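The values are calculated or read from the model by the stated rules, or taken from the named source; none is laboratory data. Being a predicted model, the structure only gives us computed values, none of them experimental. No Cβ is skipped: glycine too gets one built from the backbone with ideal geometry, and neighbour counts run over all protein chains shown. Ligands, DNA and RNA are excluded from the accessible area calculation, which covers all protein heavy atoms including side chains. Shrake-Rupley method; radii C 1.70, N 1.55, O 1.52, S 1.80 Å.
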Amino acid sequence: MTKLMQWLAGVFAFLAIYIPLVTGMVDVECLRNFQYEIKILPIVLIGLFGIHSINVVLYRTFTIRDCNDAAEELQKDIKDARADLIAKGFKFRD
């Protein structure tokens, strides 16, 4: 199951519960006092999702790992490609 399918399944499950509660199709005794909170629930969830997204991006930005081995390998590949091009007659402007 792809990530998109997981998100869509979650959204549809939420809407399947949310819409009947808001429209009054289902009357639940213990939820009568919480109609306002139920109505603003999507806005709160979107806000929480935004806060979570910001936290994930910042965490992954600040904990990025250095790849010294990959950097050295890339520098070696660049030198090899440069030497190969020079051997074939290419002239670099340094």
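Mind telling me which of the residues D69, D94 ends up being more than 30 Å from the chain's Cα centre (by Cα) and not aromatic (F, W, Y)?
None of the others qualify; the one that does is D94.
Being open to solvent by less than 70 Å² (accessible area, probe 1.4 Å) and hydrophobic (A, V, I, L, M, F, W, C) is the filter here; which residues of region 17-35 pass it? I'd like the intermediate steps shown before the answer.
We begin by selecting, within region 17-35, every residue open to solvent by less than 70 Å² (accessible area, probe 1.4 Å); these are 18, 20-22, 24, 28, 31, 35.
Residues satisfying the conditions are L21, V22, V28, L31.
Can you tell me which residues in region 62-89 are of a type in the set (V, I, T) and surrounded by 10 or more Cβ atoms within 10 Å (Cβ to Cβ)?
Passing the criteria: I78, I86.
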